[in-house]
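Just so you know, all these numbers are worked out from the coordinates, no wet-lab data involved. From a predicted model like this one, the values you see are computed outputs, not experimental measurements. Don't worry about glycine lacking a Cβ; one is built from the backbone with ideal geometry, like all the others, and counts go over all protein chains shown.
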Amino acid sequence: RSRENDADVDWEGLSKGVGTLVFLMGIKNLHKITENLIRFGRPPETPVAVIRWGTTPEHTSIDGTLKDIAIKVRERGIRPPAIVVVGEVVALRKGLSWFEKRPLLGRSIIITRPRAMSYELFSMLEAIGARCISFPVIEQKFPDDTLTLDESIKNIGKYNWVLFTSQNAVRFFYERVRQIGKDVRVFGGLKVACVGSATANELNKLGITPDLMPERFQQEGLIEEFKALISSKAAYNGTKISVLYPRAKEVRPLLEEALKGMGLDVKSVICYETFCPQPNKDALEEIKRASSIDCITFTSSSTVKNFFSLCPPEIKERIKEEAKIASLGPVTKKTIEEYGLKCHIMPKTAAIKALVKEIEMSFYNSLQP
C-alpha cells in the first residue's frame, strides 16, 4: 500500500525481501514506488506490469521495468483502478496471457435483441472478450385475440405441414398449446419445416427434429424447398397439401403468398406480435459512458427501426461515426441502408454463431497491416 507520506513504509525490507510485490491502487504514486524500490536495492531492470480493470472486458495492461514503467503509464494515460506487479513473475505474463489474447477484448458492442433471445449472442461475444451492452428495442407478446390461434391448435390434425420461420414462433405457439391444456403430442403425424438453426434448436428442445430445413436460412430458401416437394404430388396421392403457418403479426407476406401461388392450402395464424418498449434508461447511460462504441448488432428490421426511434441524437451520431454495423441477414441489411447507414458485417448464413464469427473476423482483419 503506497502513501503520500511513505516514512512508515519499510522500503528497504520490500526491496530486499519478497520476490514478487503487488501494489493495490498505486498508480498515483507509481513514480515514488519505483524510485524508492530502486533506491533501496531493487535493480532498475526488474520487470513491472500494470493491470487496469483486470479480467474484465475493459482489461488494459502494460509492461516495463522499474526505471521506465512510470513514464510508459503516463504516456498511455493509464488511470486508476489498477494494480502494479513487481518481480520476475511478470516475465511469465506473455506465456500465460490467454485473457488478453481474446480477439474482441476491450470492444464495446450493443445488442438490440429482446432479453429472452439475447443470451446466446451475449455469451458468445463476451467469451471472446467483448463488453456487451444490452439495449433491447423489441419485445413480444401474444396477440390480444387468440381465438384463431386456439382453433388452429385444436384442429392441427387436419394439416400435412406446420411451418416455423423463427424461434419466437415456436416458443409462442407451443406456450399456447400448453395454455389450452395440450402438449407436444399435437405434432404427432405432422411434418415440420423451419427456417434457421436457431428455430431448429427451439424445436429440438421439444423433442422435435424438423423434417425440412433449407440451407438458406431465409423464407426464400423454404419456398425453393417446397417447390421441389410439390413436384412429386404422388407423395400426397394428388391431394392438396395443407399447411399451418404460425407467424408474427408483422412478418413479410412473401412465404404465405408464394406457397398459395404453388397451390398449397395455407392457414396463416398470428401467434405473437412485437412492440417497441420504453427505452432502458440504465442502458442508455451505459452507452453514453462507454469510451467507444465499436459495434452494434441488428437481427431484424424491427430492431433497426426501433433503435433509431428510441435513441437520442447524440447516440445516433456516435453510431454513425464510431460503430461497425452488423446485420444478421439481407432483409435487415436493406433496412439499415434505408437509414442511410453502411452495413459493415453480415454472415453468409443467418445464424448467431456465424454472426459472431464475422464480427470477430472484422476486427481481426482491421488490425492486420
Quick numbers on segment 171-281, Rg and Dmax over C-alpha atoms in Å, give 15.5, 59
Filtered hits (lysines, Cα-Cα < 18 Å from K32, offset >= 8 within chain) -> K16, K67, K72
Expected max-MSF residue from I111, I128, I83 in the GNM of the chain (alpha carbon, under 10 Å) is I83
With the charge dipole of the chain built from beta-carbon charges (+1 for Lys and Arg, -1 for Asp and Glu) about the Cα centre, the Cα from T239, A354, I208 projecting farthest to the positive end belongs to T239
Using alpha-carbon coordinates alone, the radius of gyration and Dmax of segment 233-299 in Å work out to 21.2, 65
Reviewing (i) -0.57, -0.80, -1.03; (ii) -0.63, -0.93, -1.23; (iii) -0.66, -0.84, -1.03, the figure for log10 I(q)/I(0) by the Debye sum over Cα atoms at q = 0.09, 0.11, 0.13 Å⁻¹ actually calculated from this model sits under (iii)
Treating only Lys and Arg (+1) and Asp and Glu (-1) as charged, each at its beta carbon, one finds that the chain has a dipole about its Cα centre, in Debye to the nearest 20, of 340 debye
Going through K141/K260; K324/K357; K249/K320; K141/K249; K281/K333; K240/K260 one by one, the pairs whose alpha carbons sit over 19 Å apart turn out to be K141/K260; K249/K320; K281/K333
In terms of the charge dipole of segment 257-369, which places +1 on Lys and Arg and -1 on Asp and Glu at the beta carbon, the residue among L264, P312, I325 farthest towards the positive end is L264
Measuring from the longest principal axis of the C-alpha atoms of the chain, the long axis of helix 30-39 (C-alpha) lies at a number of degrees, nearest 10, equal to 40 degrees
Applying the gyration tensor rule to the Cα atoms of segment 118-248 (axes a ≥ b ≥ c; rounded if a/c under 1.5, else prolate if a/b exceeds b/c, else oblate), the class is oblate
For D144 and K353, extending 7 Å from Cα along the Cα-Cβ vector and measuring point to point gives, in nm, a value of 4.2 nm
Distance in nm between S292 and K227 label points, each 7 Å along Cα→Cβ, equals 4.5 nm
From DSSP H assignment alone, runs of 4+ in the chain each adding -39500 (n - 2.57), the sum over residues rounded to the nearest 500 puts [θ] at 222 nm at -11000 deg cm²/dmol
Mean-square fluctuation maximum in Gaussian network of the chain, Cα pairs under 10 Å, restricted to L355, L14, L149, hits L14
